[in-house]
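The values are calculated or read from the model by the stated rules, or taken from the named source; none is laboratory data. On a predicted model such as this, the values are computed, not experimentally measured, just so you know. In this analysis, Cβ positions are derived from the backbone assuming ideal geometry, glycine residues included, and neighbour counts consider all displayed protein chains. Areas reflect the complete protein model, heavy atoms only, side chains present, ligands, DNA and RNA absent. Shrake-Rupley method; radii C 1.70, N 1.55, O 1.52, S 1.80 Å.
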Amino acid sequence: MTLLVRAGLLFTGTEEIEHGWVLVKHGVILEVGSGQPPKAGEVVDEPNCVAVPGLVNAHDHMYQWATRGYAPDGTLFEWLRTLYPIWARIDADTVRAAARAAMARLLLSGCTLSTDHHYVFPHGRTGIFDALIESARELGLRFHPCRGSMSLGESKGGLPPDSVVEDEDAILASTEDVIRRFHDPSPGSMCKVVVAPCSPFSVTPELMRDSAALARKHGVRLHTHVAETLDEEKFCLQRFGKRPVELMEDLGWTGDDVWFAHGIHLDDAEVGRIAETKTGIAHCPSSNMRLGAGACRVADLLRAGARVGLGVDGSASNEDANLAMEVHQSLLLARVIRGPSALDARSAWRMATQGGAQCLGRDDCGTLAAGKRADIAMFRVDDLGHAGVADALAGLALAPPARAQTVVVEGRVVVRDGRLLTADEDDIAREVAAVSARLAG
Ligand SMILES: [Zn+2]
């Protein structure tokens, strides 16, 4: 069974092809071309769309969809202190409802590959990690779930209350268990597990070090939050006498198998170290602006040759999971600190695709070329928001689309005519509203 995808304009990541097409078989791109296309079993023909590589979400906390709108004016630490006690009440059912909503919204924004950094495992609540993986399978999203963790509670000088932290031996055992059960290293994998202690202020240096060793033993990637706020920098200087990036490097947490969320408060030397060590950065502009955390030095990082992807971050600090919107936000935020030439639309699209794929270690995703996985997003440019814009690809970054028209993951059409085919969007909304109300108490 072959699939042919045709678009008015095809952006492969490097080339822009008028009336381009992509031929797909068994989830893999066979050929990319223009003009008269080959015959195929299934055809998606959208002359009024721009097709781009499927977007890659490099940072998220999907359970947070059930706790949107809290601490609307708080700093990161104030926001976290408000939310920790609510998050302490989550279980597998709430996580499933929230993850289905977050994943649906991601798919509808053109995202085809997403990570999820899940770090809240209340005592005695089983099945949370399974619920995330089952939701991604159901909705048809390529998924890199992180087994996150928190171990440094308030009584030991950490930020989270003791009720939401876990024992470190239990964390490592559970992490090894989910790698064994769910990590699929094979070509075209739809599920790769990541090891991800939450942040320098919620786990101990020992857990960071042990987690890195565990990940490297199993050949899986490492992810955590670094340099998100000045409060975090102050915490690290006071407790460890080191800046966050310096601390992470000392703990073995740099390299091409590591990517950090945020990386906002970096000095020039740190920008250089991030680039040299091929450590990835997941830039989350909406969340950073929502929390007033600061502006990531995207232009400087890209100029230094760093791997930079985009993330929606958890929707408790974004209130949405529209990854195409993050392309727009990244473009504007970079210009706030470095002027209008800081970042162009095509570079922003590349961050959202190739950049994210590099962070997640997927050289088979993020571009449209023969041999790559068939992950494709298509956006209308004949609708009220976009009709007549001079440069269609730049237009989609300057005026972000509300939703994708068609989305293909691993050669399977999962969004068509702007509707999710793998689940009922209205059911998802009803279910997540119910669990949000329950969590709110
Ligand atoms: Zn985060």
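Looking at the range 292-299, can you tell me whether even one residue there is of a type outside the set (Val, Ile, Thr), over 28 Å from Glu78 (Cβ atoms) and more than 16 Å from the ligand (Cβ to nearest atom)?
As a first pass, look at the range 292-299 and keep what is of a type outside the set (Val, Ile, Thr): 292-297, 299.
If we keep only those that are over 28 Å from Glu78 (Cβ atoms) as well, we get 299.
Keeping just the survivors that are more than 16 Å from the ligand (Cβ to nearest atom) gives 299.
For the range 292-299, residues of a type outside the set (Val, Ile, Thr), over 28 Å from Glu78 (Cβ atoms) and more than 16 Å from the ligand (Cβ to nearest atom): present.
Would you mind stating whether Gly54 is open to solvent by less than 10 Å² (accessible area, probe 1.4 Å) and at positive phi? Please lay out each step first, then the result.
Values: open to solvent by less than 10 Å² (accessible area, probe 1.4 Å): yes; at positive phi: no.
Answer is no for this residue.
Could you please give the count of residues in the range 264-287 that are under 14 Å from the mean Cα position of the chain (by Cα) and not hydroxyl-bearing (Ser, Thr, Tyr)? Break it down stepwise before answering.
Taking the range 264-287 and keeping what is under 14 Å from the mean Cα position of the chain (by Cα), we get 280-287.
So of that shortlist, the ones also not hydroxyl-bearing (Ser, Thr, Tyr) come out as 280-285.
Residues that pass the stated criteria total 6.
Any residue in the range 74-93 that is under 22 Å from the mean Cα position of the chain (by Cα), under 30 Å from Arg346 (Cα atoms) and surrounded by 18 or more Cβ atoms within 10 Å (Cβ to Cβ)?
No, because not a single residue in the range 74-93 is under 22 Å from the mean Cα position of the chain (by Cα), under 30 Å from Arg346 (Cα atoms) and surrounded by 18 or more Cβ atoms within 10 Å (Cβ to Cβ).
Which one of these is open to solvent by 10 Å² or more (accessible area, probe 1.4 Å), within 16 Å of the ligand (Cβ to nearest atom), touching a residue at least 12 places away in the same chain (Cβ under 8 Å) and in contact with a helix residue (DSSP H, G or I) (Cβ under 8 Å, 6 or more places away or on another chain): Met248, Met289? Talk me through it step by step, then tell me what you get.
Details: Met248 fails: open to solvent by 10 Å² or more (accessible area, probe 1.4 Å).
Being open to solvent by 10 Å² or more (accessible area, probe 1.4 Å), within 16 Å of the ligand (Cβ to nearest atom), touching a residue at least 12 places away in the same chain (Cβ under 8 Å) and in contact with a helix residue (DSSP H, G or I) (Cβ under 8 Å, 6 or more places away or on another chain) holds for just one of Met248, Met289, which is Met289.
Cβ-Cβ under 8 Å, sequence separation 6+ or interchain: first residue in the range 301-319 and at positive phi, partner of a type in the set (Val, Ile, Thr). Which pairs?
none
If you scan the range 335-361, which residues turn out to be over 23 Å from Ser114 (Cα atoms) and assigned to a helix (DSSP H, G or I)?
Looking only at the range 335-361, we keep the residues that are over 23 Å from Ser114 (Cα atoms), and these are 335-344.
Hits for the range 335-361 are Arg335, Val336, Ile337, Arg338.
In the range 254-282, what residues are more than 19 Å from Asp363 (Cα to Cα), within 16 Å of the ligand (Cβ to nearest atom) and open to solvent by less than 30 Å² (accessible area, probe 1.4 Å)?
Ala261, His262, Gly263, Ile264
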